Amino acid sequence: MFNEKTMELLVSSFPKILEFGLKVTLPLAATAFVLSTILGVLVAMVQYAKTPILSQFCRFYIWIIRGTPLLVQLMVAFYGLPLLGIHSNPFVMAVIVFTINEGAYSAETMRAAMEAVPAGQLEAGYCVGMNYMQIMWHIILPQAFRTAFPSLFNALISMVKDTSLASSITVVEMFTRTKQIAGQSYNYFPLYIEVAFIYLIFCTVLTFLQKKGEEFLGSYGIRK
Amino acid sequence: MALLEVNNIHKSFGGNNVLKGVSLKVEKGDVISVLGPSGSGKTTLLRCINFLEKADGGELVFEDKKYDLSRMSRASIAEIRMHTGFVFQNYNLFANKTAIQNVTLGLTSARRVAKDKAAKKAMGVLKKVGMGDYADYYPSQLSGGQQQRVAIARALATDPKIIYFDEPTSALDPQLTAEVLEVMRNLAREGMTMIVVTHEISFAREVSTKVMFMADGVVVEEGPAAEFFENPQMERTKEFLRLTGK
């Protein structure tokens, strides 16, 4: 099966597949990850503060998003948004869906991490005259972010792979590109192995970055 | 004129009446020790005065301004807290900040003091509590006594008119307790106004100007320290002092 022709195909297709990985898959995942983290932090803050109506709205959002498949959410957005008169290109739509989807999960991760910061530090902040937002910014969020970092990075690694689902709404990302090349040559199996390998490389690099990130964030003198 | 006056403060948790009309008067320079068995409401009293708990009723007079403790606006709470310090039983240092950052934060963030000015001030108070050499240590790298001394420095840095101590040595062993009490003794000597909820009877006897004995949510007996210990009037007080061995 891995004859000379196949080897040639693998070599010639590698840069073509990688190109879409770097141009579409990674930017999609990175953008959605950054936006979803911001969304997650905001939703977590609303819940941490137990803001009356907003808090219930956030619970509802998390309930809906966690209770439905990502693929279905992509489809709903793809066919539903145009009905509401919202037309946008598939990439942007994918960014939006991935952001809203991941936001629900990172909101829970962040909320748990915020609640893990001892409440006494919040009280101590008040007692030195700081207001709620100052305490959030200087005390609670930095510690929560440090705690949540490995989980959030987990989500990023998942998302890099889940971007392949964007192919279902016509986004030509790394996996779709692989399918196209495979379709031209009728030689599917080796190319799917090849794309799997590229995903693996991406995630290996991310794992390395996670380690570096954790070192950078430090541990406030614990276990030094 | 009293610096701080608390009149008829009430607080209950659920159906449990923790404070049943406690009053308190603090003059400038007073060191008031609040004694009493566990569950007497001492800590709740302190937390209500600094709005960490919302009192159900009562009046607070701080620097000649009257406040209804059950209806404090956010603005008045913030205003009063600018002039008070609080030291917790379990220190509550900011875990993500070094000792000096713990001290400067109340200045730079809450009071908009310039960074270099805040750092200078912070170094001064850290030295005062004997923690000058530990400015760049994180709380996790310090002993309990050192953490509590940093917490005292944090309270001192904002030049409070009064500092509340909530059982500041209860989580410490005798040696660490001694080093924290030494710092508090120096503060008292310098004329800092303090309310100290404590189980340290000898500290109360030596350092405080007034002693207040609480039980079951009321003040059983209060008076000048010497009088309180030499000649207690109430049966309950006598029993407490006998049980604590003094």
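The values are calculated or read from the model by the stated rules, or taken from the named source; none is laboratory data. All values derive from a computational prediction rather than experimental measurement. Note that we place each Cβ from the backbone using ideal geometry, even for glycine, and neighbour counts take in every protein chain shown. All accessible areas refer to the heavy atoms of the entire protein, side chains included, with ligands and DNA or RNA removed. Shrake-Rupley method; radii C 1.70, N 1.55, O 1.52, S 1.80 Å.
Just to be sure before I move on: is B:Ser73 among the hydroxyl-bearing types (Ser, Thr, Tyr), within 11 Å of chain A (Cβ to nearest Cβ) and more than 20 Å from the chain's Cα centre (by Cα) in the structure I sent? It is false that B:Ser73 is among the hydroxyl-bearing types (Ser, Thr, Tyr), within 11 Å of chain A (Cβ to nearest Cβ) and more than 20 Å from the chain's Cα centre (by Cα). Across region A:148-182, the number of residues qualifying as within 14 Å of chain B (Cβ to nearest Cβ) and crowded, with 18+ Cβ neighbours inside 10 Å comes to 1. Number of residues in region B:64-78 that are under 14 Å from B:Leu4 (Cα atoms) and open to solvent by less than 60 Å² (accessible area, probe 1.4 Å) equals 3. Flag: B:Glu182 matches the condition of being open to solvent by 40 Å² or more (accessible area, probe 1.4 Å) and more than 15 Å from the chain's Cα centre (by Cα).
Could you tell me whether region B:18-30 includes any residue that is of a type in the set (S, T, N, Q) and under 23 Å from A:Gly129 (Cβ atoms)? No, there is no match, as no residue in region B:18-30 is of a type in the set (S, T, N, Q) and under 23 Å from A:Gly129 (Cβ atoms). Exactly one residue out of B:Ser33, B:Ser38, B:Ser23 is away from chain A (no Cβ under 13 Å), under 21 Å from B:Val220 (Cα atoms) and surrounded by 22 or more Cβ atoms within 10 Å (Cβ to Cβ): that is B:Ser33.
Looking at region A:39-70 only, could you name the residues that are loosely packed, with under 13 Cβ neighbours inside 10 Å, in a helix (DSSP H, G or I) and within 17 Å of the chain's Cα centre (by Cα)? The answer is A:Arg66, and nothing else. When every residue of region B:211-219 is checked against the conditions, none turns out to be open to solvent by 20 Å² or more (accessible area, probe 1.4 Å) and touching an Asp or Glu at 6+ places or on another chain (Cβ under 9 Å).
Against the numbered list (1) in contact with a helix residue (DSSP H, G or I) (Cβ under 9 Å, 6 or more places away or on another chain); (2) assigned to a loop (DSSP other than H, G, I, E, B), B:Thr237 comes up short only at (2). Consider A:Phe33 carefully, then state whether it is in a helix (DSSP H, G or I), surrounded by fewer than 17 Cβ atoms within 10 Å (Cβ to Cβ) and touching a residue at least 60 places away in the same chain (Cβ under 8 Å). Spelling it out, it is not the case that A:Phe33 is in a helix (DSSP H, G or I), surrounded by fewer than 17 Cβ atoms within 10 Å (Cβ to Cβ) and touching a residue at least 60 places away in the same chain (Cβ under 8 Å).
Restricted to region A:118-137, and to residues there that are more than 8 Å from chain B (Cβ to nearest Cβ) and not aromatic (Phe, Trp, Tyr), the residue that is farthest from B:Asn96 (Cα to Cα) is A:Met133. Counting the residues of region B:79-97 that are surrounded by fewer than 21 Cβ atoms within 10 Å (Cβ to Cβ), out of contact with any Phe, Trp or Tyr (no Cβ under 8 Å at 6 or more places or on another chain) and more than 7 Å from chain A (Cβ to nearest Cβ) gives 2.
Exactly one residue out of A:Ala112, A:Ala124, A:Ala77, A:Ala104 is assigned to a helix (DSSP H, G or I) and either in contact with a strand residue (DSSP E or B) (Cβ under 6 Å, 6 or more places away or on another chain) or crowded, with 23+ Cβ neighbours inside 10 Å (or both), and it is A:Ala124. Screening B:Val150, B:Val183, B:Val211 for residues that are without any contact (Cβ under 8 Å) to a residue 60 or more places away in the chain, β-branched (Val, Ile, Thr) and either in contact with a Ser or Thr (Cβ under 7 Å, 6 or more places away or on another chain) or closer than 21 Å to B:Ile32 by Cα (or both) leaves exactly one candidate, B:Val183. For the condition within 24 Å of the chain's Cα centre (by Cα) and under 24 Å from B:Asn92 (Cα atoms), A:Ala30 does not qualify. In a residue-by-residue description of region A:8-18, the property of being within 30 Å of A:Ala119 (Cβ to Cβ), assigned to a helix (DSSP H, G or I) and not hydrophobic (A, V, I, L, M, F, W, C) applies to no position. In the condition set (1) touching a residue at least 24 places away in the same chain (Cβ under 8 Å); (2) surrounded by fewer than 23 Cβ atoms within 10 Å (Cβ to Cβ); (3) farther than 26 Å from B:Leu3 by Cα, B:Pro160 is compliant with all but (3).
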